[in-house]
Amino acid sequence: MDFDIPEELKMLQSMVRDFVTEQLKPLERIVLGRAADLSDTQMYLPLEKEQELIGMAKEMGLWGVNVPEELGGVSVGTLGNCLIEEELAQTVVPFKLGDVTPILFDCNEKQREIYFSPVFNREKYAYLALMEPGRENFGELEMQAEKRNGSYVLNGKKLSLSRAGEDYFAVVFALTGPGKGPREGMTCFLVDKGASGFSVNDGETITGWEARERRPMSLVFDQCQVAAENLLGEEGMAFHLGRKWLPSRRIVRGARCVGTAQRILDEATIEAQTWTSFGQFISGRPSVQAALGDIATNIHAARLMIYETAWKADRGEPIQRGAAMVKLFATQMVHYVADNAAHIFSAPSYIGGLPMERFCRNALAMSSTEFALQLQRNIIARDIVKGLKV
Amino acid sequence: MPLREQRDVKEIESILNQVLNVASPPVARCRLLSTGFNPGHALNIAEDIGGHKECIGCGNCVDACPFLFREPSRREKTEQRTSMALESIVGADCDQCDACVLACPQVDTTIKNYVVQHRMIEVMSRLEQRIGDEDEPDLDLFIEEAVVQ
């Protein structure tokens, strides 16, 4: 049993750690804002600053770590991606190293030029339009696309949590077969900005205290005609897109939880070592020590689970159960860590403008989808039954 | 009081297999093939119900059904928790896992033993086949992609 991270990945991890420490962490004030009333809080970095960072990342050979080499990326495998994501999650600055949704990896040659490459180079933004307003759960999809004279007509509304930008296109999921459910009748369309009948509401840049939370954009399709060549993948096969890459993303998101939890632990440790009560540093108090111990143990367990599953993914072994376990445990873990950090900070860390506040807010947001966690439990249980032999 | 002798499966093996081969929850029919209430029951009633084979509405079969676990919305069709309710809401979608038979307190132990010893291998291989066939895409992966970008 070898728990050592391969040397080349250690180097990669160290390079990203330096990048985060030297380039991203100093920018946290820009995102969190300096004004007492948080009026200058921003959701994202200013575009010029971001372009500068993108240039740096490209020079360091870190741009497109999750993108396959044939699409112009520098694929580093699942374990490499986990190590990188863990480091990137340790800052509140939202910067990703050329991350593109694997749904777009299935673009054909022409679509790669028009859609994938501009997204990869941050010249265009892809608005992922899956969820629909007014539904009880995310999985309920009813938007229809009607086939007329060789093209499709979309009608309905979608919500998108993607990042808004000047130039964009929508990746829309709509039902093409009457009477078919989402799994067998769903087709994916690429709808350009400015297409007739396609409009976006609430896509403006938000600043101030509202920028602490992501708000969905509303995409409206009113008799929007889409050419058949703008179909992504095959008709009715939308949920088969990116199948080769999507499952391992679940592990990488687990690594994000670990990164966030690690930063919370680091901040909590500094707090414990610097604050005193009754003449003693609070790090000597049993309740604070208990909280630190519990947090560190949970992070360690999640990290081991993630590395092992990522290692299996890189070896081509089945990871469905492992990835579901990672998501289940890591999501609960980061919530637990944020909760326990309150023991050290003597209160929930909700003082606006502090990194801790943003981290705890993110941690709670990660764990707020109980529905998704129940699905993970189902996946794990199904896999256990599958393996049961009489 | 001596325990009532339970049904000898050899006598009913053929009909029992027919029942178990039908894609519909078999619990009610297995209950009718059983010997019914034992005279030594612990219910506080004067009436002699020894040998009665009615469903007692405990709901164990409804709770044990894996199909209803996957599609809980079907439970909302009725508040009843009887074997008849189970047959009505599951019907031909039954997985034929026989979990309802094993969960029912009114089904004879001899029948349950038969199911475990003679039918489970077949059931498990059929369930495994079903799971193996399920090449269904994981919709949650797409939801995650849309929510966490």
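Every number in this text was worked out from the coordinates using simple rules, so none of it is lab data. It should be emphasised that the depicted structure is a prediction, and the values quoted were computed from it without experimental measurement. We place every Cβ from the backbone using ideal geometry, glycine too, and count neighbours over all the protein chains shown.
Explain nothing, just the number: dipole magnitude of the stretch A:1-155 about its Cα centre with +1 on each Lys and Arg Cβ and -1 on each Asp and Glu Cβ, in debye rounded to the nearest 20.
Roughly 500 debye for the stretch A:1-155.
Among DSSP beta bridges whose residues both lie in the protein assembly as shown, state the antiparallel percentage, nearest 5.
The answer is about 80 percent antiparallel.
For A:Gly33, what residues show an amide H to amide H distance below 5 Å, using hydrogens built from the backbone and excluding near sequence neighbours?
A:Gln42
Using the Cα centre as the reference, give the magnitude of the dipole from point charges on the C-beta atoms of chain B (Lys, Arg: +1; Asp, Glu: -1; all else neutral), rounded to the nearest 20 debye.
On the way: 15 positive and 26 negative charges, 171 e Å.
Taking the Cα centre of chain B as origin, the dipole is about 820 debye.
Which loop trypsin sites (Lys or Arg not before Pro) in the stretch A:214-266, with loop taken from DSSP, have no more than 13 other Cβ atoms within 10 angstrom of their Cβ?
Filter output for the stretch A:214-266: A:Lys244.
Exactly which GluC sites (Glu not before Pro) in the stretch A:79-163 are in a DSSP loop and have at most 12 other Cβ atoms within 10 Å?
Those that pass, being in a loop and sparsely packed, are A:Glu123, A:Glu136, A:Glu140, A:Glu142.
Determine the calculated [θ] at 222 nm for chain A from helices alone, applying -39500 (n - 2.57) to every DSSP H run no shorter than 4 residues and normalising by the residue count; nearest 500 deg cm²/dmol.
Numbers: 11 runs with 164 residues, N = 390.
When only DSSP H runs of four or more count, the value is -13500 deg cm²/dmol.
Give the long-range amide H neighbours of A:Met131: residues separated by 5 or more places, or on another chain, with amide H under 5 Å away, using H modelled in the peptide plane at 1.01 Å from N.
HN-HN under 5 Å from A:Met131: A:Leu159.
In a GNM of chain A with a 10 Å cut-off on Cα contacts, which of A:Gly98, A:Gly134, A:Gly233 has the highest mean-square fluctuation?
Of the options given, A:Gly134 has the highest mean-square fluctuation.
Calculate, in nm to one decimal, what A:Ile54 and A:Asp192 gain on full extension: separation in residues at 0.36 nm each, minus their alpha carbon distance.
Details: separation 138, 0.36 × 138 = 49.68 nm, distance 2.48 nm.
In short, 47.2 nm is gained.
Using each residue's phi in the stretch A:101-118, evaluate 6.51 cos²θ - 1.76 cosθ + 1.60 at θ = phi - 60° and report the 3J(HN,Hα) Karplus result to the nearest Hz, with x for Gly and Pro.
Per residue, the Karplus-derived 3J(HN,Hα) values read 4, x, 4, 7, 5, 8, 4, 7, 3, 5, 5, 4, 5, 7, 10, 5, 4, x Hz.
Just to check I understand the Karplus step: with θ = phi - 60° and J = 6.51 cos²θ - 1.76 cosθ + 1.60, what whole-Hz values come out for the stretch B:63-71, glycine and proline as x?
5, 7, 6, x, 5, 5, 5, 6, 10
If amide H atoms are built 1.01 Å from N in the plane of the peptide, which residues on other chains or at least 5 residues away come under 5 Å of the amide H of A:Met237?
A:Cys188
Evaluate the distance, in nm, between pseudo-label points positioned 7 Å from the Cα of A:Leu354 and of A:Leu47 along their respective Cα→Cβ axes.
3.6 nm
To the nearest 10 degrees, how steep is helix B:9-21 against the longest Cα principal axis of chain B, on a 0 to 90 scale?
In chain B, helix B:9-21 runs at an angle near 30 degrees to the longest axis.
Under the definition of Cα pairs under 8 Å and six or more residues apart, what whole-number percent is the relative contact order of the stretch A:26-167?
16 percent
In whole angstrom, note down how far apart the Cα centers of the stretch A:282-316 and the stretch B:16-31 are.
Distance between centres, Cα-based: 50 Å.
Say the cut-off is 18 Å between C-alpha atoms; which of A:Lys244/A:Lys386; A:Lys58/A:Lys96; A:Lys96/A:Lys327; A:Lys147/A:Lys193 go over it?
As for pairs spanning more than 18 Å Cα to Cα, those are A:Lys244/A:Lys386; A:Lys96/A:Lys327; A:Lys147/A:Lys193.
Tell me the relative contact order for chain A as a rounded percent, counting alpha carbon contacts under 8 Å between residues six or more apart. If you can, show how the numbers build up before the last one.
Values: 641 pairs, mean separation 61.9, N = 390.
Reported as a whole number, the value is 16 percent.
Assigning unit charges at the beta carbon (Lys, Arg +1; Asp, Glu -1) and nothing else, what dipole magnitude in debye, to the nearest 20, does the protein assembly as shown show about its Cα centre? Kindly include the intermediate steps, with their values, before the conclusion.
On the way: 58 positive and 77 negative charges, 146 e Å.
Here the size comes out at about 700 debye.
Helix B:120-133: angle to the longest alpha-carbon principal axis of chain B, degrees 0 to 90, nearest 10?
Roughly 20 degrees, rounded to the nearest 10.
Test of understanding: given chain B, find the longest segment containing no GluC sites (Glu not before Pro) that are in a DSSP loop and have at most 14 other Cβ atoms within 10 Å. Walk me through the intermediate numbers first.
Numbers: sites that count: B:Glu5, B:Glu47, B:Glu54, B:Glu79, B:Glu134.
That would be B:80-133.
If the cut-off is a Cα-Cα distance under 17 Å, which lysines reach B:Lys112, setting aside same-chain residues fewer than 8 apart in sequence?
Those lysines meeting the cut-off are B:Lys10, B:Lys53.
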